[in-house]
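Chemist: Structure below; questions to follow.
None of the figures in this text is laboratory data; all of them are computed from the coordinates on show. Keep in mind the model is a prediction, meaning the values are calculated, not measured. Cβ sites come from the backbone with ideal geometry, for glycine too, and all protein chains shown count toward neighbours.
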Amino acid sequence: MEMSFESLKETIFAQSRTLRPGMQDKHETSAWDKNRLDVESALALKNIFFYLSLIFRYPTEQIYSEIAGHLEAFTDFFTDYGGAVPELPPIDDLQPEYISLFVNNQGFVPAAPYASCYQGDGLLMSDNFYRLRQIIMESGFMLDASVHELEDHLAVLLEFCSSLLNTLVEKNNSSDKNLMACIYALLEISYRYIEPLVDDFTDKINSYASYDFYKVTGKALKSLFHDADPIYVQLLGFRSNSTNELQG
Amino acid sequence: MNKGKKILTITIIAFIIGSFFSVVMAADNFTNDGNDRKGKYLFRKNCRTCHDGSSAATMSPNTKTQAQWERTFKKYERLECVEEWNKRSQGELKDVYTYLYNHGYDSPQPATCK
Amino acid sequence: MKKKLMSRRKFLGLSSSAIAGALFGPNLNMLTAAPTDPFDYSILPKGTREYIASNCAMCVNKCGIIGEVVNGKLHKINPNPRHVKSRGMLCAKGNAGVSLPYSPDRLKTPLLRTGKRGEGKWKEISWDEAFKYVAKNLADLKQKYENRSSVAFASTEGFQEEFYYYLVNSFGSLNTVRHTTLCLSTNIQGWSSVFGSFPDADLANAEYVLMLGSDRAQALITPDSVDFQRYKPKGQKLIVLDPRFTETGAKADRWYPIKPRTDQGFVLAMINVIISENLYDHKFVETYTHGFEELKELVAEYTPEWAEKKCEIAADEIRKTAREFADHAPRSVIYPGRRSSFYSHEVYVRQTFAILAAICGCWDTKGAVVPKSSIKLASHDVMFPFFNLTRDRVDREAVNLVKDVVPSAVQCPMIGTGLPDDSCAFLSEKDGSWITFREAVLQDDPYPVRGFFCFKQNPVQSVPNVKKTMKMLEKMEFICVIEQQMSDTAWYADIVLPHSTYLESWDPAHSIGGIWPIVEMRQPVIKPLFDTKTMFEISGGIIHEMLKIPSLWDDIDPVDLVDFKKNVVEDILDKPIQDYIKHQLVNHPGAYKQLLKEGFYTVDGGRPTYGKTLKPGFRFKSKTGKIELFNERYKEFGLFPLPKYCEPEILPDPGQYRFLVGRTAWNTHTSTQNNPYLWEIQKENAVWLNTGEAKKKGIVDGEYVRIKSKIGEQRIKAYVTEKIRPDCVFYVNGWGRKSPGMSRAYKSGASEAEIIDDVLDTISGGVCMHETFVTIKKA
């Protein structure tokens, strides 16, 4: 019997589930047929994740020019999810804006871009952090040595999701069970790490931002993850108990 | 009240031990109004090279009391290393004296030579 | 609903322009391929649990800790049960240290100011850029003012501070300013005027302990805070004098609510009783002390009846205390304590304490006041160049400006305060005097100081009279702050360099003197979370950039530069810090291993040694070589050679209260209020106000009041209590912060720096934090 998206999602949060889904449960390994992947949608979402990852990084000149250069391509996305196309301030304004929101403000950081800060006691590297490190490693990735960041930085998480989608699209020769592990990782990152962050995170941005740029992009991030269920159902081709009509 | 850069008055008794030293001796009325910082530098550069326990006894400002430093400088011609002393100008010796005296064992700020 | 979702997700369709976004530039990935095949589960790290020894840095005590690290994360900090100084204790602050590396608020990368100062506009820069920027500014300031002392360097104690001094000495400024004059400089000066050094108290073996103004149950000092509670039940007698009924007072056999600023009178009367009743230690006095006859003559007038009028404590109680003290001698302690930045005559107060110990022979013997012992480490005999363009300390060259920061009575020689009115008599060369230093900078007297470095200090909060500190910062053309968090001071910097926490860094070995001398060292308990560095690395980085700028080395002997590059840069700063530590320990075989294992090292099992200053031939660090009851140097400097009673110079106006400040056991000055765990204990401070006074003003407990001094005004909750005398009020420091970002401490309660007047003790250069008067009214 093929499992529904809902039951799949439930297993993500099940206490008993071990870290290595594909290895553990024979039943799960046959739960998904890669031919059902909506490749075009996966590519689009991959790019959106990556673009959002760029947005939530410190805007160095290189990053800034990438953001500026590709904004056009994401007009539809931001209009739909952010309610507007974000207006990009000059780099000399965006850099201090980024620092004061996400890095260091007077004695504190208003919108810490770390998943851990929205769990437990609000500190870095909370209980789920080690698990995240393991998921990233399991999936064949690690932080580049030049990056002095934590794995649960929003930009890293989004890039990771983007990479997982890429794996799903490209690894046609991989076994089903590896792809299933990929899906588990994608869903776990989305639902356990990113989704719990988005509401508070965007509220904080709205309270402290001087420009609209991060307000709009934050809103798009938030709406996208509120909309994650139907997106993943359509993209991964799962049967859904409640959102059948959305597949149309 | 003046904090007081104390001027020591030392009566000079010019012992003439040898004709070579007599010239030098005439000016050795050392007072502690030299350059303390320069004195530290000179002491470390010229004296500590031996007086670090390697070829001579370890020596720091707090090795001696102020009165002992006074006596040492008054009669330095008796010291084994007098030739090293004679290579330095009177002004330089005064700087060294100022440093050692100001940081002697019983001074307000005894110092090791660090 | 359906339609909306459909339209929203149109980017997922074939025509989506988002697909075209695939052409991102190269080298943008933060993640890289792991060095093994994906999904090869066998290579995953197994869960790990390690125990790593180090020492705490949440306050000054450096207690032994063992970090429990689970899967690379510091899970818990445990006390080290074998640690000889902290006695297996770890306080709330030490426990809460576990959150320090994991605070999202911490500084993560070097930041360069881009907007106006204090506006909060920053950009990230690399460490290389930061080092270049700092070096260039140093060079510019040196060129412009032709005086290396035009750049000042502030810091506070800590293991990495010695590397800060590598930077200071490589630049050649003499203007360093440390925390000492905000804390215990009067204590050090007063005790040293008698014994030539500042001792510890052997509370583990004392039979009788007299504490004046020290709240050891709250302001923790190890091992004292542990010992006085541990040994008290064994029959030790504890007498506490404090205008407040403190936690320490609650543990005492007797608590005397002494009138503020009269402690000296109480102790003088004790000395009077002990001498007049012939209770002193004749042999000790004769063998070791100088000036007993002069002392005897001085104290003749200070009878308990005289003191009763000053201290508002019954003469009989004073007499009783004096007799008990003498009875238990030499196992009697008059407790030196630590912070003594109280009153303008505080040095004489501490001199009086020391004299009481001396005449009873309570010195350098079991259960008495004991000079610190220390374990000698090998030093790096570092030779810095001699820079010609360096002027003397600004607070030493500046004469006559201190009149602006001493009580007016001091300036009137007729009153005979025994205090200098033109400069600090015994300014410590390295510590300087914060108040005098700031005054000199503000007045450009004797020369301009326009560069300011600050390491681990937060003068905006910790130095009294914050308005003056802000003015001082405004004068600066360059401010560099090296910190762990965006402190109030860092916020006004031009460049902020993030320092690793004590749990992430290698810190050099440090010899901690005391009755139980130890050596400590830190190794990283966890890997650094962010792009932070230690002072060792920061100094190295800046000095390397300085070496690329010829103008920074044009006022020295070129030979010195060659030596400096070899001996300081190549041989020390370019080598791993472990090499530095191993050299420090070269005379102690096995010490390095022991430090890695236990975090501390002792000689002789850490047992105390008593009596080394009582051996024949020992010379005390005084003019006479003896314990000076009559201080010959003070006489020479025109100070009181004997502890003549000093009447208060500043008196309250009617309706005013004397303001007292202190600490709690769960916060360290201004540095920990934002800690989430400690904040659970206390969320704001409150002003202690005597019940009777509150009633007169109609103020009820828990109500907000306004407290006002001539410096400023603060809003704070009232704590109406019988536990404080009616003539004074009190609150703990560190609250009412300027930074909205200190989210937990921001505008919670009141700041002391906004209230306390900058009054100077002109013997040691210390500040006097209890010489401020305030009024209180309903908010």
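Chemist: Just how far, in whole angstrom, is region C:476-543 from region C:646-710 if you go by their alpha carbon centroids?
Modeler: Cα centroid of region C:646-710 versus Cα centroid of region C:476-543: 32 Å apart.
Chemist: Let me ask something additional. Between C:Asp555 and A:Asn241, take the C-beta separation as r, use R0 = 60 Å, and let me know the FRET efficiency to the nearest 0.05.
Modeler: Working: r = 81 Å, r/R0 = 1.35.
Here the calculated transfer efficiency is 0.15.
Chemist: Using alpha carbons only, how many degrees (0 to 90, rounded to 10) separate the axis of helix A:39-55 from the longest principal axis of chain A?
Modeler: On a 0 to 90 degree scale, this one is about 30.
Chemist: Something else: What nm distance separates the two modelled labels at C:Leu614 and A:Ala68, each placed 7 Å from Cα along Cα→Cβ?
Modeler: The answer from the label model is 7.9 nm.
Chemist: Let me ask another. Counting only residues 5 or more places away or on other chains, whose amide H sits under 5 Å from the amide H of C:Gly158 once H atoms are built in the peptide plane?
Modeler: Correct list: empty.
Chemist: Would you please name the GluC sites (Glu not before Pro) within region B:35-114 that are DSSP coil residues with at most 14 other C-beta atoms within 10 Å of their C-beta?
Modeler: Here the GluC sites (Glu not before Pro) that fit, given the DSSP loop and packing criteria, are B:Glu80.
Chemist: Among C:Ile274, C:Ile650, which comes first, then next, by fewest other beta-carbon atoms within 10 Å? Intermediate results must be reported in sequence, preceding the final value.
Modeler: Working: C:Ile274 21, C:Ile650 18.
Taking fewest neighbouring Cβ atoms as first place, the list is C:Ile650, C:Ile274.
Chemist: Continuing with the same structure: What does DSSP give for the protein assembly as shown in terms of the percent of beta bridges that are antiparallel, rounded to the nearest 5?
Modeler: Of the beta bridges lying entirely in the protein assembly as shown, close to 50 percent run antiparallel.
Chemist: Check which residues have an amide H placed less than 5 Å from C:Cys728's amide H, if you skip close sequence neighbours.
Modeler: C:Arg658
Chemist: About its Cα centre, how strong a charge dipole does region C:279-331 have in debye, to the nearest 20, once Lys and Arg get +1 and Asp and Glu get -1 at the Cβ?
Modeler: 180
Chemist: For C:Lys73, which lysines qualify as cross-link partners when the Cα separation must be under 16 Å and same-chain residues fewer than eight apart are set aside?
Modeler: C:Lys46, C:Lys527
Chemist: On C-alpha positions alone, give me the angle between the axis of helix A:176-188 and the longest principal axis of chain A, in degrees, nearest 10.
Modeler: The helix A:176-188 is inclined about 40 degrees to chain A.
Chemist: Could I ask something else about it? When you look at the Cβ of every residue in C:594-606, what mean number of other chain Cβ atoms sits within 10 Å? Mind dumping the intermediate values first?
Modeler: Working: counts 0, 0, 0, 0, 0, 0, 0, 0, 0, 0, 0, 0, 0.
Other-chain Cβ atoms within 10 Å of each residue's Cβ, averaged: 0.
Chemist: C:Lys533: which aspartates and glutamates have alpha carbons under 16 Å from its alpha carbon, excluding same-chain residues fewer than 8 sequence positions away?
Modeler: Leaving aside aspartates and glutamates fewer than 8 places away in the same chain, those within reach of C:Lys533 are A:Glu149, C:Glu124, C:Asp128, C:Glu129, C:Glu161, C:Glu162, C:Glu483, C:Glu504, C:Asp507, C:Asp574.
Chemist: Sort the following peptides by mean Cβ neighbour count (other Cβ atoms within 10 Å, averaged over residues), highest first: C:205-216, B:39-50.
Modeler: Working: C:205-216: 23.8, B:39-50: 19.3.
Per-residue Cβ counts within 10 Å, averaged per peptide and sorted highest first, yield C:205-216, B:39-50.
Chemist: Count, for each residue of A:107-115, the Cβ atoms from other chains sitting within 10 Å of its Cβ, then give me the mean as a whole number.
Modeler: Taking the mean over all residues of the peptide, I get 6.
Chemist: Shielding of A:45-55 by partners, i.e. mean partner chain Cβ atoms within 10 Å per residue?
Modeler: For peptide A:45-55, the averaged partner shielding equals 4.
Chemist: Could you give the dipole magnitude of chain C about its Cα centre, charging the beta-carbon of Lys and Arg +1 and that of Asp and Glu -1, in debye to the nearest 20?
Modeler: Approximately 3220 debye in magnitude.
Chemist: Related question: Assuming a viscosity of 1.567 mPa s and a temperature of 4 °C, what translational diffusion coefficient in µm² per second does Stokes-Einstein assign to chain C, Rh being the Kirkwood radius over Cα pairs?
Modeler: Calculated translational D: 46 µm²/s.
Chemist: With only Lys, Arg, Asp and Glu charged, each at its Cβ (+1 for the first two, -1 for the last two), find how big the charge dipole of the protein assembly as shown is about the Cα centre; round to the nearest 20 debye.
Modeler: The dipole magnitude comes to about 1920 debye.
Chemist: I've got another one for you. If amide H atoms are built 1.01 Å from N in the plane of the peptide, which residues on other chains or at least 5 residues away come under 5 Å of the amide H of C:Ile479?
Modeler: The list, which skips near neighbours in sequence, is C:Phe452, C:Asp494, C:Ile495.
Chemist: Tell me which DSSP H helices of chain C clear both cut-offs, 18 Å or more of axial length from alpha-carbon atoms and a mean Kyte-Doolittle hydropathy of at least 1.0.
Modeler: C:263-276, C:346-359
Chemist: If packing is taken as the average count of other Cβ atoms within 10 Å, what order do C:262-272, C:395-405, B:99-109 fall into, highest mean first?
Modeler: C:262-272, B:99-109, C:395-405
Chemist: Work out from phi, with θ = phi - 60° and the Karplus expression 6.51 cos²θ - 1.76 cosθ + 1.60, the ³J(HN,Hα) of each residue of region C:558-571, listed in order in whole Hz, and give x for Gly and Pro.
Modeler: x, 5, 4, 5, 4, 4, 4, 4, 6, 7, 9, 6, 5, 7
Chemist: What does the protein assembly as shown give for Rg and for Dmax, in Å, if only its C-alpha atoms count?
Modeler: Values for the protein assembly as shown (Cα only, Rg and Dmax): 33.7, 117 Å.
Chemist: Greater than 19 Å separation of Cα atoms is the criterion. Which listed pairs, C:Lys116/C:Lys708; B:Lys64/B:Lys94; B:Lys45/C:Lys582, meet it?
Modeler: Pairs exceeding 19 Å: C:Lys116/C:Lys708; B:Lys45/C:Lys582.
Chemist: Step through the residues of region C:372-381 one at a time and calculate ³J(HN,Hα) from phi using the Karplus curve (6.51 cos²θ - 1.76 cosθ + 1.60, θ = phi - 60°), rounding each to whole Hz and writing x for Gly and Pro.
Modeler: Karplus values, whole Hz, x for Gly and Pro: 5, 9, 8, 8, 7, 9, 6, 9, 7, 6.
Chemist: Please give, to one decimal in nm, the separation of the simple spin-label points placed at B:Glu84 and C:Lys696, each 7 Å out from Cα toward the Cβ.
Modeler: 7.0
Chemist: Further, regarding this structure: Return A:Met137, A:Met180 ranked ascending by Cβ neighbour count within 10 Å, so the fewest neighbours appear first.
Modeler: On the way: A:Met137 19, A:Met180 22.
Neighbour counts put them in this order, fewest first: A:Met137, A:Met180.
Chemist: Do me a favour and compute the ellipsoid semi-axes for region B:34-102 from its Cα gyration tensor, root of five times each eigenvalue, largest one first, whole Å.
Modeler: They are 15, 14, 13 Å, listed largest first.
Chemist: Let me ask another. What order do you get for B:51-64, C:433-446 when each peptide is scored by the mean count of other beta carbon atoms within 10 Å, highest first?
Modeler: Per-residue Cβ counts within 10 Å, averaged per peptide and sorted highest first, yield C:433-446, B:51-64.
Chemist: Right, here's the next one. Mind pulling the angle between the C-alpha long axis of helix A:213-226 and the longest principal axis of chain A? Nearest 10 degrees, somewhere in 0 to 90.
Modeler: Around 20 degrees separate the two axes.
Chemist: Using θ = phi - 60° and the Karplus relation 6.51 cos²θ - 1.76 cosθ + 1.60, list the HN-Hα couplings for region A:233-239 in order, rounded to whole Hz, with x at every Gly or Pro.
Modeler: 4, 5, 5, 8, x, 7, 6
Chemist: Can you pick out the pairs among C:Lys62/C:Lys615; C:Lys259/C:Lys696; C:Lys430/C:Lys621 whose Cα atoms lie more than 23 Å from each other? Each step should come with its number before you reach the end.
Modeler: Numbers: C:Lys62/C:Lys615 32 Å; C:Lys259/C:Lys696 21 Å; C:Lys430/C:Lys621 19 Å.
In this structure, C:Lys62/C:Lys615 lie more than 23 Å apart at Cα.
Chemist: With point charges of +1 on the Cβ of Lys and Arg and -1 on the Cβ of Asp and Glu, referenced to the Cα centre of region A:54-192, which listed residue (A:Thr167, A:Pro59, A:Pro113) lies farthest in the positive direction of the dipole?
Modeler: Going by the Cα projections, it comes out as A:Thr167.
Chemist: Arrange C:Lys615, C:Lys296 by Cβ neighbour counts within 10 Å, fewest through most, would you? Intermediate results must be reported in sequence, preceding the final value.
Modeler: On the way: C:Lys615 8, C:Lys296 17.
Fewest to most other Cβ atoms nearby, the residues stand as C:Lys615, C:Lys296.
Chemist: Aspartates and glutamates near A:Lys46 by alpha-carbon distance under 14 Å, same-chain residues fewer than 8 away left out - which ones?
Modeler: By straight Cα distance, A:Lys46 reaches A:Asp38, A:Glu159, A:Glu170.
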